[in-house]
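Reviewing the structure listed below.
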Amino acid sequence: MSGGPAGRGSMLAQPLRFPSAARIAALVGLFVLGAVVGVAGSLVQAGWFPGGLLLALAGAAGLFLGGARVTRSRGGAVAPAAGWFVTVIALTLGRPEGDFVFAAGGGPYLFLLGGMALAVICATLAPRRQPDDADARLAK
């Protein structure tokens, strides 16, 4: 049975490790920052098309990748992406008075789909945490 060093068992048999309060606070802060970037990007992308669209997507990508680098986990990319996504989807809904943030056209769709693609790319490229065991051969 290849249970790992000293017979500790598979990863599924290990006890759960809960994140610290600082990590939770960082992820909540990144979620809120993702919502702010979503609102700013929604307003900028239509204002200066196509430069505003590129600026909004670059800001979102910078936040997603920066969050992943700071927290050194995929959660650092997922938290701001979730805040961005929830905000942008909420802004696409029309109000009963007929007001809306996104106009009909290709730009808002590119912003929405491009932001989602960037979130997936940044979460995929996020650095993964290395095991704490000295016997592990990763990163050597």
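The values are calculated or read from the model by the stated rules, or taken from the named source; none is laboratory data. What you see is a predicted model, and the numbers here were worked out from it, not measured in a lab. FYI the Cβ positions are ideal-geometry reconstructions off the backbone, even for glycines, and counts take in every protein chain you see.
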(request) All but one of (1) surrounded by 14 or more Cβ atoms within 10 Å (Cβ to Cβ); (2) within 11 Å of V37 (Cβ to Cβ) hold for L54, so report the exception by its number. (result) (2)
(message) If I ask for residues that are more than 16 Å from V32 (Cα to Cα) and at pLDDT below 90, which ones from the stretch 57-93 would you list?
(response) R69, R72, S73, R74, T92, L93
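Looking at the stretch 94-110, is at least one residue within 30 Å of P19 (Cβ to Cβ), over 12 Å from the mean Cα position of the chain (by Cα) and either crowded, with 18+ Cβ neighbours inside 10 Å or modelled with pLDDT of 90 or more (or both)?
no
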